[in-house]
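All remarks here apply to the structure that follows.
The values are calculated or read from the model by the stated rules, or taken from the named source; none is laboratory data. Being a predicted model, the structure only gives us computed values, none of them experimental. FYI the Cβ positions are ideal-geometry reconstructions off the backbone, even for glycines, and counts take in every protein chain you see.
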Amino acid sequence: MEVPAGTMDSAPVGQSTSSQNGGGVGGGRHGTLDEPVTETIMRDLRGIGKKLWYVMLPRARTEAGAGLKEWDLWGPLFLCLALSIVLWFQAKHQQEVVFSLVYVIVWVGACVVTANALLLGGKISFFQSVCVLGYCIFPLDIAALACAFTPSSLSLLKIVFVVVGFTWATGASVGFMSELVPADRKALAVYPVWLFYVSISWVILLI
């Protein structure tokens, strides 16, 4: 029986279909599993820096929709850890409670706000929303650090730092989140975001 021409020569021996199509991890010539660890770390750090740029500069937020599609949780985890450590050092009593409280407020609060946005018909994935809310605590991290170096006698200055950080964090997150929720439900989506950052700001002032 003759074998039709071309059926056995359609692919080289030992070459998989995925390699013919350029497939693999990452879909490129070399997947991310093949790159050096240092290159992976630098790529992640550049991504974190870019998202912080979106948060801190209002004019850059016009590009944020595309940038935040590639969500990550490393940045929010680092920012939450930094805030917890700063407040832990500031706390005079029950430091472990303060450290844990910040973690609970940030992560549980972000999940609740995200669930609310999704129930209101938000066009965003769960982890994208948590990523946005986590990155937007960066101004409050700066405010907490500034308060740590401010003498207790200048309590009014601490309030100013926290109010500025809260305003910046809320403005950044609301700018992202409000675009992803139907217009007639924006108020219902924005209020929990505001309450989320009020809670974090209140903890900073109490320490």
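Do you know which of the residues in segment 17-39 that are modelled with pLDDT under 85 and among the hydroxyl-bearing types (Ser, Thr, Tyr) is farthest from residue 136 (Cα to Cα)? Restricting to residues being modelled with pLDDT under 85 and among the hydroxyl-bearing types (Ser, Thr, Tyr), the top hit is 17. One residue stands out in segment 107-121 among those that are assigned to a helix (DSSP H, G or I) and touching a Pro at 6+ places or on another chain (Cβ under 6 Å): the one that is surrounded by the fewest Cβ atoms within 10 Å (Cβ to Cβ), namely 116. Restrict the check to segment 142-165 and report whether at least one residue is closer than 19 Å to residue 71 by Cβ and out of contact with any Lys or Arg (no Cβ under 8 Å at 6 or more places or on another chain). Checked against the condition, which is being closer than 19 Å to residue 71 by Cβ and out of contact with any Lys or Arg (no Cβ under 8 Å at 6 or more places or on another chain), segment 142-165 yields no hits at all.
If the condition is being surrounded by 19 or more Cβ atoms within 10 Å (Cβ to Cβ), within 16 Å of the chain's Cα centre (by Cα) and of a type in the set (A, V, I, L, M), then segment 143-179 contributes 169, 172, 177. The residues listed here are 61, 46; of these, the one that is assigned to a helix (DSSP H, G or I), charged (D, E, K, R), modelled with pLDDT under 90 and in contact with a Phe, Trp or Tyr (Cβ under 9 Å, 6 or more places away or on another chain) is 61.
Among residues of segment 114-142 being aliphatic (A, V, I, L, M) and within 13 Å of residue 164 (Cα to Cα), the one that is nearest to the chain's Cα centre (by Cα) is 137.
Considering segment 139-179 alone, what residues qualify as being farther than 19 Å from residue 80 by Cβ, in contact (Cβ under 8 Å) with a residue 40 or more places away in the chain and among the hydrophobic types (A, V, I, L, M, F, W, C)? Once the filter is applied, which keeps residues that are farther than 19 Å from residue 80 by Cβ, in contact (Cβ under 8 Å) with a residue 40 or more places away in the chain and among the hydrophobic types (A, V, I, L, M, F, W, C), segment 139-179 yields only 159. Within segment 91-109, being without any contact (Cβ under 8 Å) to a residue 12 or more places away in the chain and of a type outside the set (S, T, N, Q) holds for 92, 93, 96, 97, 104, 108.
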